[in-house]
Each structure stands twice: as structure tokens, then as C-alpha cells.
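Enquirer: Before anything else, here's the structure in question.
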Amino acid sequence: MALEPLKFQDEKPPRPAAPGKKWIRVTKAVNGIDTEVWEEVSDDAGGPQWGPRDQMRLVSRAIPRVDGPDKVSGRAMYSSDMRLPGMVYARVLRSRVPCGTVKLDLEAAKAIPGVLAVIALNNGNIDWLGRPIAAVAATTPELAEDGLRAIVATYEEQPFAVTPEQSAAENAPKVNSRGNVRTLSKNTDSSEVDAALGKAAKRVQGTWKIPVQHHASLETHGVVVDYRGGAEATIYASTQGTFTIPGDAAGRLGLQGGQVTAVVEHMGGGFGSKFGMGIEGDAACQLAKELGRPVHLMLDRATEFHAAGNRSGGEHTLEAGLDDKGQIVAIKGRVTRHGGVGQGSGHPIPYIYGRDAKVFVEDRCIHTHTDSSRAMRGPGHPQASFSMEALMDECAYASGLDLLEIRRINLADNRRELYMRQLERCAALIGWDKHPFKNAPDLSKSELKVGIGFAIARWGGGGNGQCKVEVRIAQDGSVEVLSGTQDLGTGTRTYCASIVAEELGLELGAVRPRIGRSTFGSANASGGSTTSPSLSPSVKHAAHNARLALFEKVAPLLGVKPDELAVGLGEIHVAAKPSQKIAWKDACAALGPAGLSAQGEWQAHLASSDVGGAQAAKVQVDTLTGEIKVLDMVAVQNCGLLLNRMAVKSQLQGGMVQALSYGLFEERVLDPDLGLFLNANFEDYKIAGVREIPRMQVEFEDDPRGVIGMAEAAVIPGHSAIANAVRNACGVRVFDMPVTADKVLVGLEALRKKG
Amino acid sequence: MKNFTYVMPTSLEQVVELLPGPRDLKTRDRVKVLAGGQDLLGELKEHLVEPEQVVNLKGVPGLAALTQQAGAWQIGALATLAALEENAALRASHTLVAEAAGSVGSTQIRNQGTVGGNLCQRPRCWYYRHEQAVCIKKGGAECFAYGGLNKYNAILGGGPSYIVHPSDLAPALVAAGATALIRGKKGERTVELERFFTLPSEGAVTRENVLAPDEVLVRVDVPAMAGWKSTYVKFRERSSYDFALAAVAAALRIEGGKVAEARLVLGGVAPVPWRCEKAEKALVGRKIDAETCRVVGELALEGAEPLAHNAYKLPLAKGLITKALTKLATA
């Protein structure tokens, strides 16, 4: 039997809530039917609520990060900044060959005065280029480097495949025992899609190539292991997961997890590549155990490029069949992921679009003798976006449709309203209405040409219940919020303080956030944009419980019941009579020397999930040089409750910059014959700099939902919009990222020859 | 980097005394001179050179001087790129030199990098810069770029090495008719800057210029360019900081709307700054219009032989020539 939907008795509460009270909707059986009714309850009944946003002082406002001054002044301590008494410096030697075996003679290295320990890291089998094979600890970084160079590594090189082309070739050297090219999808029957394509009014196709991108975190992977023998160790780790460290390290040190403390005071970027100890962490533990001294091991930049992960590249061959109205009726694709020895993140094709279309996608991976890809901000989505948004524009041009109209037609019904609202807002912000090339690229002969492109993104961004937070109020009125969580530079530390300050009626500076230590309450690792939706409800809960506990102590002083109290700025007062009050310090004085401590856990109703965003880019193409100048990027993003508008704006802008860099510059380059990584440095692995950054506008759609993580959505569409804008500007579709001037010039020559 | 001894002499006599003998070709890299260090430090860190001794030139007085007399300039080897970029008089008289200096690297690099260092810097080819790739530039048998990933390599003057000369100042100063003052154990000599740079097919393939092991570049002299207009147009893939994919140093003397004299030198396309004499001659007597730009572009790139991945440099260099000439004609 289908349940009747819940019925609302009234749209609005019957009257404004009394002081200290609030209206909630509760489900009640009225005449045997489940009905929602309004009920006036104490403000605190039913647990914490974010409350009305227009009354917020700190949350949902734009506030500078509390750790900003420390970071810009250099006071902030990153793992690589740690200096401990007796500490030694370690370096990692990586394999010079992609495939083969190596024999190590460590004696010469050990003989160098100042070199304290030299260890082999694997059994001598090499199956990817740059795989760490040995580590050296010495009294200075320079001596550790000398030690590395003194290791005699004798390689027996075997044939290798460092590029997908090499790996897929006939008689290619074997990379994976299950085959170099593996089909991961199960369905092999494309007959239905083939039939639909056969009947389509128009067919549009292309093959898009996506390079391997690097996380390029400014702080490389690494740890400082403080273990001097005995039963306790502290690991200062550059990690996205404080709690991913103790267990890993304990195993290496021969300790119990509880005997190892992880410290992540500040970390210099991870973007998905920094979970757990990694080979470098294992090596540091081994060396510390051998020497009984603290070991500092941060990868050098070249090793970071070779052996610390990347975003999988890929190749997408897509074909869309359209009906005569521009609706895609069939999508056939072959999606190949390039994940090195790994298989790469899934590239979700078709991406968002393609409602009601018949879809057949063969999902494959090609293995190469290079390090495995890892998660990277929005895994798989930016790759899928690149080919899918290009396909959409090609469908529009083939059908003579406006670039927005093709999207309207092909978005699913339950997505259309959201994305079209966002796309149209982007269009308004970027000047689409005055743009003359809405349904065909500009093929005129002018020197400087301007084009516009659009793209959209989706992400889950929900939370989960792994966080435990403590709020402490001391007798002197000072307040601390404690959580083991890590701040990746996203503003976690700041909202820990602001949520508590808001709840307790305090200024931001009155709450000291203490995070990044595994002895504090547990917290989830920062992946998948889950940190804020997991942590912030837990912080809110702890703050809420602290307030209630304080009210218990204060109520007798004011001669009222605890639920009659409310907080004002720096005071606690009777809700119905605000003049009857006690100052914060005086209230806390009643706590006694132990102060109070309150715990918080995840509150599902304070979080939500599922974000969508749209972006647009306007570019100028110089047809004499092929130069692409991004003039404008705009973003419209929904994201539930914004914990800190300034931080969310930064997240979006950061995502847009990272996507711009991905689309226009970034690419791992390997020489297929020599088996060498040619650009494992910040000169030749090009990343956008200040002059590449366009005007940027960011708008949020405030929606009534709870907290949702949106950091990954920010990075998904930008490069696709830019590539589409280049095509719109000058007619050249660059199928392989990065979209660079040389490819535009070659494309323009080809267009000229075609006439 | 490998350990070395570090010395800071106070006179040029002492500097050349410390250098190897003029015929010590095989052991010349045992001593390296240090100016701004922007290139040398990278070479040391990557173990591309492992000198026993590094001789810092900064103790020698007067090497950073930048002086003008009757429109002609003397530029000391230790003058910084920033000093050139920021000198208003130089920018007025020799626009192309100031523009070229200002296009180098980043602000930090220009504050530290010197004229001598910029002219004598080693190639940026990623095979040359990779310690494991023992290419012909490093005494190996092969230019890996030739049959490899050569997007950034030469389309003119290549073989047996296909590097491009990385200096921005070099094409500008060659176009300005500069000469190099060189000091060696036997005294001073002067070389036209155009002859200072050597093609891999002419000089030693492991070097890019005529400096003997006992020699050091001391000063660049730039003649007056009264009546000339000039510019340096550089194309960078990443404009924040990058080496040139191609660049044009152009100078014109225009009389009555027509070119009376012209200098055209390309950067980023050849192992040396590439003087385009045929194009220069063709410019004389013409006014700058689309047809002139087309003809000059064709002549300038005559003989170009693109490799597998750098054919784009042809339209790019032509496009830059058009931009440079148009800019000078309308300035």
C-alpha cells in the first residue's frame, strides 16, 4: 500500500515564537492520518539547529581565516618546518628505469662521514619509473643527498611501456599480469545504441585526450618521525587524514596505534594525494627505528612528481546521435583511463547530460610502467566534463542551436531547473546576450577573437558520523574547541572557532581552536569534500551541549530554570527579560576550577548533500600567435549553509584557477624511447601564474539546506568552459588538453586550408 | 650539488688567473664563474656541472656599471636585468633591449640575473636538463630532441644539436649591433655579439659561444641608435614566467613612411639568435603593410626545417614579425 504523503497543516507557524522558544513541525496522527503540525518548544529541544541565517553573526558571514596571519608571516609550522633535537634528514633514491631489477651496493654511501643509515626499500623489482628503492639518513640534507649519489645501483633494465601508446601496441612489454589493456565494464552489447545511432537525424563524434595532471602540492609528501626508542612516538605528517597516520606508523615502528600521536598543525596541500604514510613515511619510520633519532623526510620535487600520485589521464571516444530537435537519443563511447600501474578513477561518462538517451560506454584502462594515479579533487569528474561539455557544444553547432538551449534540451527533468538557472546567471554575468556567436563559432578573419564557453558540475559532498568534538570552558571564561581534524588550507580551523563563538555569544577571537592532533577527538580524513559536512555538525553539537551545561550552572544565579536562558554578546540573560543577565566571565566563574567539558557528535540534520554548479569562461584568441587569454571566469554554485563566505569564495576561485591551469598548461611529459620523465619540475611542468588569472566572479545560491562540501565541484567545469570558449572564439576544437597556442595555430592553418 | 671551493677575487686579473688555460677544453668545467647564479645554481643542483671551484665575479669592482655616452651604452656583465628594464634612458634609446630584459623570467630572477649570465646561460632543452639523458650537448652521441619530444626545439640552424638559445637579451642586443668585450689570460678582445654565439655545426657542440676556457665576458657595448625605433616581442606559453617559444627583436629606421634601414633577429627558434639578413634587405624601401609583413615573414623563416612537434613555430614567428613591424610602423 502506498503511503499518503505527509500533509502540512499550515504553511507558517500560527504566531511568532515566544522568547527562548521556537516552532518546529512534528508528525502527529490526527484522525488516524500522519500529519505535520506546528509545535512551540524550547529553543533547545530536539538538539542543535543552525537557526535563522539572518541572525547569524559569524557563521554564514565572510570572516578572515584565524590562521591567516600565522601563514603569511611564516609563524605557521608545517611538517617540513619541524626541527627536533638530534633530528636527522632523510632522502629517497628513486629508480632510474621503468622496469627491471636493481641490485644495490650501499657500502660507499654508508662510508660517508655524517651518513648515519642507508636502507633498501624494496626487493629489487622495479615495475614503475621512479619507484623508491633506497633511503639515506644523515646529519644534514646535503649529506643525505651525497649518500644517495654514493649508492651503487646496478640495473638490469627490461623493455618498458611508459606511454599508453607503447602499452597498447602489439608485443608490448607486459605491465599487468591481467593484461596491459583491460576492459572494466561488463556490458558488451551495444546493439540497442547502435540501432538508435542508426536512426538519429544527426551524429556527432570526437576523440578527446586528457593528460596526466599532478597535484603539485607546494609542501611535498613527507613526515617527521619523532621516535627515540621506547613506547611512544610522534609523527608530524603532511596529510589529509590525521587519523590515517598512527596505525600505519605503529605497524612500522612495532608499537600499538595508541602509542603513536599524529600531529598535523598545518599542511601545504594534498588535493587527494595525501592519505596514510606512503613509502616515504615507511622509510622514515624504518630509519628512526634503526637510529633512535627523529627523522625528517620530505620528498624532493622531482620525486614528488615521479612517485606521489597524479590525476589519471585518459582518452574518450564519444559519439552522440541527435534527433531533429537537438535531443541526444544515443551516446556510444569508449572511455580509457590512464592510471599508470593503477587503473585510474572512473570517468563518469555521460556526464550529467543525456536524459533518456540510450547509452553504451566501454570502460577500459591502459597500464603503464609509471606510478599509480591517486584521487585528485573531484576524481574522474574533470576528465568526464572535458569531453562531455565539448560534445554538447559540437551537438549545438551541428544542430544550429544556442549553447544554452542544447543544455536545456539534454538535462534531465530533475536537474534542468537548477542548472539552467545557474547557466543563465553565468550567461548574464559574462555578457552572453551581447555575444554574437551563440550557435556557431566565429569563423571571421579578424586578428583578435572572443569566445564564450559553459560547463557544469555535480558533487555529493555529504558528511558522515566519524567526528568527536570537545568544547571546554574554563573558570576564567576562556574557551577551546578540540578536534583531531586537519585543516588543508580550506578554513577548518576557522569554522571550528566561529561555530562555537556563535553558539556561546562570544567574539571569534575568544575561542581557541585546537586541531590536528590524534589525541583529540576522532575525525574523518579530508576526502570527497566530506570534512565540513562531517565536522561542523559535530562542532555545533559540542558547542550546543556546552551552552546547555553552562546554563545549568548559571540558572540558579539568576533564579530561573536553565531553559529560560539565552546568550547575548558576552553575556547570559533571561530570554524573556534580557536586562536580567550575567556577564560571560562572571557566569564562567561559577564553574569551579574544573571548568566544563562538553562533547559533540555528528548531527545528520545539520548537514546535507548534493551540490551543483555552473561556470562560464570568456577567452580571447590571438589568431596571429595562437595565444589564449582568459578574460573572465564566472561561477554560480549552490552549497547549503555557507560556513564562511570568504572561505567558500576562496574555494571556488581556487578551483577555477586549478581548472584553468589544467586546461591550458598542465601535462606530465614522458619520453617513450628513453623512459624518462622530462618535466618533473616547476619550470617545464607549467602551472598558471598570476598573469594567467582572469577577472573572476563568484556567486552562491543560498539554499536552506545544512552544510555540504563543495570544494570538488569548484574544480570540475572550468577547463571545459575554457576549451569550449576557444572553439567558440576561433573555430578550432582542441581535442587534447592542455589547450595551447601551438595547437590553436595548427588548427587555424587546417581551417584555412579547408576554406 | 657536489662540494666545491668558492673564491671571490677582487680584480679581473685574478679572475682569469683562476680560470683554466685557453686550451684546457676538456677540463674547462672544473672552474665556473658565478654572476647572478640564476642558471649556474640550477646546473649545480642538477649535477649538470660539478666544478671544483666557483669563482664569484661580484668582488670585481665596476662590472655592474651601466653607462651612456652620446647615445651609446656600455653595459657591464654584472648589470642586472632589472637595471636594464628600469632604465628610462635605455628604454627610450634602445627600447628593444629594455623590453627584452623585462621579458626575462620573473621579477625575482630579473633582480638577481645579470646581462653576462643571461647571454652565457646554457640551453633549457629538457633532455639537456635531465641528468640521465646524456645528449650530444653533454658529450653524448645523440640529440634526443631531434627524434623525440621537440616542441620547444629549433626549426632553424639545427644539427647536430637542436637546442634553441634561451636568451632574450641576445636577439635584442644582436639587433642593436652590440659587441662583446672579452677578457682572457692574454688580455682583452672584442667580438661582434652576432659572432659571439656559435651554431652547433660551427663551434664546439657542447658550447653556445666563442668563449675560450680562460675567458670571461666583461661588457657589452651598444652603439647609438638615433633615429631608430625598436621593439622586442616575445611569445611565452605562460606569460607569468617562461622562456620564449619564439621572439622577434626588430629595429627600423623609417624615412618618409618607408623603411630606410632594418634589423630583424629571431629568438627561440634556433641555437643562436637568428639574424634575418634577407628579410632586413627586403624591408628597405618598403612601407609596413600586410604584404610587407607577409614577404618579410617568408624570407625570415626561409630554410626552416621543423621537427615532428614544432611546425607551429613557423606561423608563430611570422605572426610575431607582423606584430613587431606593425607596432613599429604605428608607434
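Every number here is computed from the coordinates shown, using simple stated rules; none is lab data. Here the structure is a predicted model, which means the values were calculated and not measured. Here Cβ is always computed from backbone atoms with ideal geometry, including for glycine, and neighbour counts include all displayed protein chains.
Enquirer: Tally Lys and Arg at +1 and Asp and Glu at -1 over the other residues with C-beta under 11 Å from the C-beta of A:Ala150: what net charge comes out? Could the numbers behind the result be given before it?
Expert: Values: positive: A:Lys110, A:Arg149; negative: A:Asp105, A:Glu107, A:Glu145, A:Asp146.
Counting the neighbours of A:Ala150, the net charge comes to -2.
Enquirer: Could you pull out which residues in segment A:693-718 have an amide N less than 18 Å from a spot 7 Å beyond the Cα of A:Glu417, following the Cα-Cβ vector?
Expert: A:701-706
Enquirer: Mind checking the dipole of the protein assembly as shown: about its Cα centre, +1 per Lys or Arg Cβ, -1 per Asp or Glu Cβ, Debye to the nearest 20?
Expert: That gives a dipole near 1200 debye.
Enquirer: Around A:Pro694, what is the net charge, scoring Lys/Arg as +1 and Asp/Glu as -1 over all other residues with Cβ under 15 Å from its Cβ?
Expert: Counting the neighbours of A:Pro694, the net charge comes to +2.
Enquirer: Count neighbours as other Cβ atoms within 10 Å of each site's Cβ, and list the trypsin sites (Lys or Arg not before Pro) in segment A:409-468 that are DSSP loop with at most 15 such neighbours.
Expert: Within segment A:409-468, the qualifying trypsin sites (Lys or Arg not before Pro) (loop, at most 15 other Cβ atoms within 10 Å) are A:Lys434, A:Lys445.
Enquirer: Another question, then. Classify segment A:600-755: rounded, prolate or oblate, from the alpha-carbon gyration tensor (a ≥ b ≥ c, eigenvalue square roots; a/c under 1.5 rounded; otherwise prolate if a/b is larger than b/c)?
Expert: It comes out prolate by the Cα gyration axes.
Enquirer: Using alpha-carbon positions, what is the distance between the centroids of segment B:264-331 and segment B:90-128, in Å?
Expert: Result: 21 Å between the Cα centres.
Enquirer: Mean residue ellipticity at 222 nm from the helices of chain B, using -39,500 (n - 2.57) per DSSP H segment of n ≥ 4 over the full residue count, to the nearest 500 deg cm²/dmol?
Expert: -7500 deg cm²/dmol
Enquirer: By the gyration tensor of its Cα atoms, with a ≥ b ≥ c the square roots of the eigenvalues, what is the shape of the protein assembly as shown: rounded for a/c under 1.5, prolate for a/b over b/c, or oblate?
Expert: The shape class here is prolate.
Enquirer: Relative to the longest principal Cα axis of chain B, at what angle does helix B:290-300 sit, 0 to 90 degrees, rounded to 10?
Expert: 30
Enquirer: Once each part is reduced to its C-alpha centroid, what is the distance from segment A:314-360 to segment B:216-262 in angstrom?
Expert: What the calculation gives is 50 Å, centre to centre.
Enquirer: Using the basic label-point model (7 angstrom from Cα toward the beta carbon), what is the B:Ser239 to A:Asp54 distance in nanometres?
Expert: 4.5
Enquirer: Moving on to the next point. Give, as a single signed number, the net charge of other residues whose beta carbon lies under 9 Å from the beta carbon of A:Ala390, with Lys and Arg counted +1 and Asp and Glu -1.
Expert: Its environment carries a net charge of -1.
Enquirer: Which FRET efficiency, nearest 0.05, do A:Glu601 and A:Asn122 yield, Cβ-Cβ r, R0 56 Å?
Expert: With a Förster radius of 56 Å, E is 0.85.
Enquirer: Still on this structure: To the nearest whole number, what is the average tally of beta carbon atoms from other chains within 10 Å of the beta carbons of peptide B:237-244?
Expert: Taking the mean over all residues of the peptide, I get 6.
Enquirer: First check a/c for chain B, with a ≥ b ≥ c the square roots of the eigenvalues of its C-alpha gyration tensor; if it is under 1.5, answer rounded, and if not, answer prolate when a/b is larger than b/c or oblate otherwise.
Expert: oblate
Enquirer: For B:Lys229, list the aspartates and glutamates whose Cα falls under 19 Å from its own Cα; do not include residues on the same chain fewer than 8 positions away.
Expert: The reachable aspartates and glutamates, counting only those whose Cα sits under 19 Å from B:Lys229, are B:Glu85, B:Glu86, B:Glu99, B:Asp168, B:Asp221, B:Glu255, B:Glu261, B:Glu277, B:Glu280, B:Asp289.
Enquirer: Give me the aspartates and glutamates in straight-line cross-link reach of A:Lys110: C-alpha distance below 13 Å, same-chain residues under 8 apart excluded.
Expert: In chain and number order, the partners are A:Glu145, A:Asp146.
Enquirer: Counting alpha carbon pairs within less than 8 Å and at least 6 residues apart, what relative contact order, in whole percent, applies to segment A:463-606?
Expert: About 36 percent, as a whole number.
Enquirer: Compare the Cα positions of A:His215, A:Ala172, A:Val225 along the charge dipole of segment A:161-248 (+1 at Cβ of Lys, Arg; -1 at Cβ of Asp, Glu; about the Cα centre) and return the one farthest towards the positive end.
Expert: Positive-most Cα among the choices belongs to A:Ala172.
Enquirer: Would you calculate a helix-derived [θ] at 222 nm for chain A, using -39,500 (n - 2.57) for each DSSP H run of n ≥ 4 and dividing by the full residue count, to the nearest 500?
Expert: On the way: 17 runs with 203 residues, N = 755.
Only helices count here, giving -8500 deg cm²/dmol.
Enquirer: Which chymotrypsin sites (Phe, Trp or Tyr not before Pro) in segment B:235-285 pass both tests, a DSSP loop state and at most 10 other beta-carbon atoms within 10 Å?
Expert: none
Enquirer: Go through A:Lys445/A:Lys743; B:Lys234/B:Lys327; B:Lys32/B:Lys58; A:Lys629/A:Lys686; A:Lys438/B:Lys323; A:Lys71/A:Lys686 and tell me which ones have a Cα-Cα distance over 20 Å in this structure.
Expert: A:Lys438/B:Lys323; A:Lys71/A:Lys686
Enquirer: Also, I was wondering about something else. For segment B:158-248, which trypsin sites (Lys or Arg not before Pro) are both in a DSSP coil and crowded by at most 13 other Cβ atoms within 10 Å?
Expert: The qualifying sites are B:Lys186.
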